[in-house]
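Q: Here you go, one structure.
Each reported figure results from applying straightforward, stated rules to the coordinates on display, with no laboratory input. Keep in mind that what you see is a predicted model, and the values were worked out from it rather than measured. Positions of Cβ are generated from backbone atoms using ideal geometry, with glycine treated the same way; all protein chains shown enter the neighbour counts.
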Amino acid sequence: MIGTAEGLARAYAKRWLWKAAAPVAVPVFGVLTLLLIPLAVLAAPDASTSVASSACSIGGTGASVAGTELDSVQMGHAQTIVTVAAAQGLDPYAATVALATAYQESRIRMLANDGSSPELTAEQAAVTATSLTYPHDGLGSDHDSVNTFQQRWIAGWGSVAQLMDPVYAAEAFYRRLVEVPNWQVIPLTQAAQAVQVSAYGSAYARWEPLASELTTMLWPAAQATAADASGAVAGVCPDLPVPAGSWIRSTAGTVTSGYGPRGGTWHAGTDIAGPRDGPVYAAADGTAVRAECTSAYCDRDGSLSLAGYGNLVELDHGGGVTTRYAHLSAYTVTAGQRVSAGTLIGFQGSTGNSTGVHLHFEVRLDGASVDPVPWLTSRGVDLHAASAG
């Protein structure tokens, strides 16, 4: 899908709330995961391990809002919801309605669904359960409902894949909200209920104070994001501890497209698909020679009709070896900056000539592309190894 939320990664990283907090204020479990599992040698996870968006993201920093404690994952999703509203030209009340709805439905968490509801047919259950394959913060089992808003694919909200994208989920909510007559002036609980058609329609009003305060906190950064199309952000994920001179796997995810001919053209790299805004790290020591938008726009998702890499970082490792990291939602380095293997350089996105969230990774020798898979294999890195999200 082509998101309309402009630069969600920038909103996360620039949000004024974070600036008073240390960059390491991400979920403790996520930090430990990254410290203990270098992406250079990713082992296959246990089958029962869910992919958690809290592993390390640009989600946010926990806060107390209207007497309610929200952790970094909840704050990250809240910022997404508010930023999408601002990007679509809606007013703060729209964001307040959405936040109250999300808190009532999921406590502002991206919930997957195991399809165990007895209301589903076997086929519907199987489709619903595919939500488990996408980044999520927990499980629900209410019919076929998924995500922060508990939207239902059977009810026409979108495909499971779309609904498990936080940006799409917020966009879908606002599409229906603006169709509600007089939504800007009717009570919040009526506006929310008109969108959700919930069996507990009066419950949304309980969370209006929380949602209103959250909107006030997050709206300035959302507005700034809508006004600033730059792809550069400050890094908030910790760098990986990597021995000097090592090569590593740059990001978590699954290889979805390899090096070589593809659709009548030459695919000069390897695509690794992981969570939207998943961290991307320098594959080896080097110097950033490019960190820029290379397409007509990079403030939102691109498409096959758009030329260029989108947000691109290129690193020079010396000896004629360079690497490229493309389609980033945002980048955290500047041209001329020296980086070490494991330095955070950006976040997975879908900018430029792209139709889905992933990292396009290239290795070049004296300017000519080479297959990244054997190159990294010879340096002890298996791009095809299963990876933890």
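Q: S369 to D114: extension gain in nm, 0.36 nm per residue of separation minus the Cα-Cα distance?
A: 87.6 nm
Q: With Cβ to Cβ distances under 14 Å as the rule, what net charge do the other residues near V280 carry (K, R +1; D, E -1)?
A: On the way: positive: R249, R276, R324; negative: D239, D271, D277, E314, E362.
Net of charged neighbours comes to -2.
Q: Using θ = phi - 60° and the Karplus form 6.51 cos²θ - 1.76 cosθ + 1.60, what ³J(HN,Hα) does each residue of segment 332-347 get, whole Hz, x for Gly and Pro?
A: Rounded to whole hertz, the list is 10, 10, 10, 4, x, 6, 7, 10, 10, 4, x, 6, 5, 10, x, 9.
Q: Starting from segment 331-389, pick out the trypsin sites (Lys or Arg not before Pro) whose DSSP state is loop and whose Cβ has at most 15 other Cβ atoms within 10 Å.
A: R379
Q: Shifting gears a bit: For I345, which sequence-distant residues (separation of 5 or more, or a different chain) have an amide H within less than 5 Å of its own amide H, given hydrogens modelled in the peptide plane?
A: V280, Y281, A282
Q: If you plug each phi of segment 121-136 into the Karplus form 6.51 cos²θ - 1.76 cosθ + 1.60 with θ = phi - 60°, what whole-Hz ³J(HN,Hα) values come out, in order, with x for Gly and Pro?
A: Per-residue couplings from phi come out as 6, 4, 5, 5, 4, 5, 5, 4, 5, 5, 4, 5, 7, 10, x, 8 Hz.
Q: Something else: Which cross-chain or sequence-distant (5 or more) residues have an amide H under 5 Å from the amide H of V289, H modelled 1.01 Å from N in plane?
A: E314, L315, D316, G336
Q: Follow-up question, since we're still on this one. How do Y281, Y174, Y325, Y200 rank when sorted from fewest to most other Cβ atoms within 10 Å of their own Cβ? If you can, show how the numbers build up before the last one.
A: On the way: Y281 26, Y174 22, Y325 30, Y200 10.
Placing the least packed residue first, the sequence is Y200, Y174, Y281, Y325.
Q: Still on this model: Tell me, what HN-Hα J-couplings in whole Hz come from the Karplus equation 6.51 cos²θ - 1.76 cosθ + 1.60 at θ = phi - 60° for each residue of segment 185-197, using x for Gly and Pro?
A: 10, 6, x, 3, 4, 6, 5, 5, 5, 5, 7, 7, 6
Q: Tell me, in nm to one decimal, what length is gained between H267 and R379 on full extension, where the rule is 0.36 nm per residue of separation less the Cα-Cα distance?
A: 38.1 nm
Q: Would you mind ranking H136, H77 so that the residue whose beta carbon has the fewest other beta carbons within 10 Å leads the list?
A: Fewest-to-most ranking of H136, H77: H136, H77.
Q: In the neighborhood of A66, defined by Cβ-to-Cβ distances under 12 Å, what is the net charge if each Lys or Arg adds +1 and each Asp or Glu adds -1?
A: My count for the surroundings of A66 gives -2.
Q: For segment 254-377, what value does the Rg/Rh ratio take when both radii are computed over Cα atoms and Rh is the Kirkwood radius, given to two decimals?
A: 0.93
Q: Under the definition of Cα pairs under 8 Å and six or more residues apart, what whole-number percent is the relative contact order of segment 254-377? If you can, show how the numbers build up before the last one.
A: Values: 360 pairs, mean separation 39.3, N = 124.
Over segment 254-377, the number comes to 32 percent.
Q: Still on this model: If you rank I108, I248, I81, I186 by fewest surrounding Cβ atoms within 10 Å, what's the result?
A: Going from sparsest to densest Cβ surroundings: I186, I248, I108, I81.
Q: For segment 262-331, report the translational diffusion coefficient in µm²/s to the nearest whole number, using Stokes-Einstein at 25 °C, 0.890 mPa s, and a Kirkwood Rh over Cα pairs.
A: 184 µm²/s
Q: For Q151, what charge total do you get from the other residues with a beta carbon under 13 Å from its beta carbon, if Lys and Arg give +1 and Asp and Glu give -1?
A: My count for the surroundings of Q151 gives -2.
Q: Now, a different point. Take the alpha-carbon centre of segment 306-358, take the same for segment 256-295, and report the distance between them in whole Å.
A: Here the answer is 7 Å between Cα centres.
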